[in-house]
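Asks: Attaching a single structure in structure tokens format; questions to follow.
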Amino acid sequence: MQIFEQIGRHFEAAANPAGAARPPRHLSLGLQGGGSFGAFTWGVLDRLLQEPQLTFDTLSGASAGAINAVLLAAGLAEGGREGAREKLDRFWRRLSQAASFVPFANHGAPVAASRTLSFWTRFVSPYQYNPFDLNPLRILLDEEVDFERLRKERPVGLLVAATRVSDGRARIFNNDEITVDAVIASASLPLLHHAVTIDDEAYWDGGYSANPPLYELVVESETSDVLIVQITPMQRAATPTTSQEIIRRLDQMAFNASLLTETERVMQHAELHRGPIGLLSPNGRKWRRLTLHRIVAEEEIERLSEASASNLAWSFLSDLHTHGRSAAEAWLRGKPVASAASAKPLRARGGDDALVAASAGSR
């Protein structure tokens, strides 16, 4: 076994020489879903795209993460890095403008209105209040993304998660399967949207089952460096007491549960390759070298857990974008990760009262 271990270590050293660049120059991205908090991820991607030496291997995502991943890939295919930045910017601006047509979207609505809408969605099905399944998001994606070209050119690897209604398991759509239906399925919250049927199977939001897909991301990637952009708050200091706060916290916990499960699965698999046997194949050496990097929105933004992920007001989205760029800049420069104590407040028109108003609706 010693001779095989020596050979394996030789290959590992050749593939990962001492003094390799940090931050890594070839990166896969796992993009978590979380409604309008996805504008933070937009900011992260916007900054990463400005690094000419940084290349992308594979992108995985669920919900808003899947949307950002597909927009980035489509932009790269059509116009390179600047094309990707422009496409992401245009999409988020248009989404905010279209918010008044989105069922129950929170667009800076007063507290009372947000509470009414939150109550309504808990007792009335989207099949009742939106029988024709009108979804402006579908229109935006159809206009912004040439899915046929995206499947053909494959500028990066893509993995999009949706949750099967029948058994709660994830289906991961790869490059050859990426369609507008797959992306809409990945972002279909069951209390707001109809389930999306693909191949006679109904799907809901991918955030419930793989948020984002991490194991498949590592398997499909050539790089051993994976950056996870986590946008759904994990922590909340105060115990929620109102129905809106409780519902929001339950949604946050559900979306993070799948992230924790995916992370644990990846780390367990990586541990299996720590022994000498992991040195004997390129795949094993990749798992041995695996590094999970993280950019976490709640470490950058104060009181994010109190904000509403259905708020599509432009002032809210643009501020999230700014925070995302700042967090990406810190990661690229190797600066210490922000702590909760040093997190910056999320600006909202009207100060703290406006933040509370923006937070009144649930997801």
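Asks: Inspect segment 242-251 for any residue being modelled with pLDDT under 85, open to solvent by 10 Å² or more (accessible area, probe 1.4 Å) and not in a helix (DSSP H, G or I) and give the result as yes or no. Working first, answer last.
Replies: Step one: list which residues in segment 242-251 are modelled with pLDDT under 85, which gives 242-251.
In the following step, the residues that additionally are open to solvent by 10 Å² or more (accessible area, probe 1.4 Å) were identified as 242-251.
Those still in the list that are not in a helix (DSSP H, G or I) too: 242.
The answer is yes; a qualifying residue exists.
Asks: All but one of (1) free of Cβ contacts under 8 Å to residues at least 60 places away in the same chain; (2) exposed (fewer than 15 other Cβ atoms within 10 Å of the Cβ); (3) of a type outside the set (Gly, Ala, Ser) hold for residue 299, so report the exception by its number.
Replies: (2)
Asks: Additional query: Among the candidates 199, 181, single out the residue that is without any contact (Cβ under 8 Å) to a residue 60 or more places away in the chain and open to solvent by 70 Å² or more (accessible area, probe 1.4 Å).
Replies: Values: 181 fails: open to solvent by 70 Å² or more (accessible area, probe 1.4 Å).
Answer to the selection: 199.
Asks: Could you say which residue among 114, 118, 60 is within 28 Å of residue 209 (Cα to Cα), touching a Gly at 6+ places or on another chain (Cβ under 9 Å) and modelled with pLDDT of 95 or more? Give the derivation first.
Replies: Values: 114 fails: modelled with pLDDT of 95 or more; 118 fails: modelled with pLDDT of 95 or more.
The match here is 60.
Asks: Within segment 40-56, identify whether any single residue is more than 23 Å from residue 148 (Cβ to Cβ) and assigned to a strand (DSSP E or B), and answer yes or no.
Replies: Yes - at least one qualifying residue is present in segment 40-56.
Asks: Return the residue satisfying two criteria in turn: it lies in segment 217-241 and is hydrophobic (A, V, I, L, M, F, W, C) and in a loop (DSSP other than H, G, I, E, B), and of such residues it is modelled with the highest pLDDT.
Replies: The initial filter retains those residues of segment 217-241 that are hydrophobic (A, V, I, L, M, F, W, C), namely 217-219, 226-229, 231, 234, 237-238.
Remaining after also requiring in a loop (DSSP other than H, G, I, E, B): 231, 234, 237-238.
On the way: 231: 96, 234: 83, 237: 69, 238: 75.
Out of the qualifying residues, it is 231.
Asks: Filter segment 147-167 for residues that are part of a loop (DSSP other than H, G, I, E, B) and touching a helix residue (DSSP H, G or I) at 6+ places or on another chain (Cβ under 7 Å) and give the result. Full working, then the answer.
Replies: Here is the first cut: in segment 147-167, the residues part of a loop (DSSP other than H, G, I, E, B) are 154-156, 165-167.
Of everything in segment 147-167, those that are part of a loop (DSSP other than H, G, I, E, B) and touching a helix residue (DSSP H, G or I) at 6+ places or on another chain (Cβ under 7 Å) turn out to be 154, 155, 156.
Asks: Right, another one. Count, please, the residues in segment 174-200 that happen to be more than 15 Å from residue 160 (Cβ to Cβ) and of a type outside the set (Val, Ile, Thr).
Replies: Qualifying residue count for the region: 8.
Asks: Check 209, 186, 221 and return the single one that is crowded, with 21+ Cβ neighbours inside 10 Å, in contact (Cβ under 8 Å) with a residue 40 or more places away in the chain and over 24 Å from residue 305 (Cβ atoms). Give the steps one after another, and end with the answer.
Replies: Numbers: 209 fails: over 24 Å from residue 305 (Cβ atoms); 186 fails: over 24 Å from residue 305 (Cβ atoms).
Criteria check complete, one pass: 221.
Asks: Out of segment 263-287, which residues are buried (at least 19 other Cβ atoms within 10 Å of the Cβ) and more than 20 Å from the chain's Cα centre (by Cα)? I'd like the intermediate steps shown before the answer.
Replies: Within segment 263-287, the first condition is being buried (at least 19 other Cβ atoms within 10 Å of the Cβ), and the residues that meet it are 266, 270, 273, 278-279, 284-287.
Selection gives 270, 273, 278, 279, 284, 285, 286, 287.
Asks: Residue by residue through segment 191-216, note down the ones that are over 23 Å from residue 263 (Cα atoms), assigned to a loop (DSSP other than H, G, I, E, B) and either of a type in the set (A, V, I, L, M, F, W, C) or within 18 Å of the chain's Cα centre (by Cα) (or both).
Replies: 191, 192, 195
Asks: Please go through (1) out of contact with any Ser or Thr (no Cβ under 6 Å at 6 or more places or on another chain); (2) of a type in the set (Val, Ile, Thr); (3) surrounded by fewer than 20 Cβ atoms within 10 Å (Cβ to Cβ) for residue 228 and return the number of the only condition it doesn't satisfy.
Replies: Checking residue 228 against (1) out of contact with any Ser or Thr (no Cβ under 6 Å at 6 or more places or on another chain); (2) of a type in the set (Val, Ile, Thr); (3) surrounded by fewer than 20 Cβ atoms within 10 Å (Cβ to Cβ), the one that fails is (3).
Asks: Moving on to the next point. Quick check on this structure: which one of 326, 318, 308 is buried (at least 21 other Cβ atoms within 10 Å of the Cβ) and either among the polar types (S, T, N, Q) or part of a helix (DSSP H, G or I) (or both)?
Replies: Working: 326 fails: buried (at least 21 other Cβ atoms within 10 Å of the Cβ); 318 fails: buried (at least 21 other Cβ atoms within 10 Å of the Cβ).
Exactly one of 326, 318, 308 is buried (at least 21 other Cβ atoms within 10 Å of the Cβ) and either among the polar types (S, T, N, Q) or part of a helix (DSSP H, G or I) (or both), namely 308.
Asks: Sticking with this one: For the subset of segment 255-314 comprising residues that are among the hydrophobic types (A, V, I, L, M, F, W, C) and in contact with a His (Cβ under 6 Å, 6 or more places away or on another chain), which member is nearest to residue 192 (Cα to Cα)?
Replies: So the residue we want is 312.
The values are calculated or read from the model by the stated rules, or taken from the named source; none is laboratory data. Everything numeric in this text was worked out from a predicted model, so none of it was measured. With ideal geometry, Cβ positions are generated from the backbone for all residues, glycine too; neighbour counts draw on all protein chains shown. Note: areas computed on protein heavy atoms with side chains; ligands, DNA, RNA excluded. Shrake-Rupley method; radii C 1.70, N 1.55, O 1.52, S 1.80 Å.
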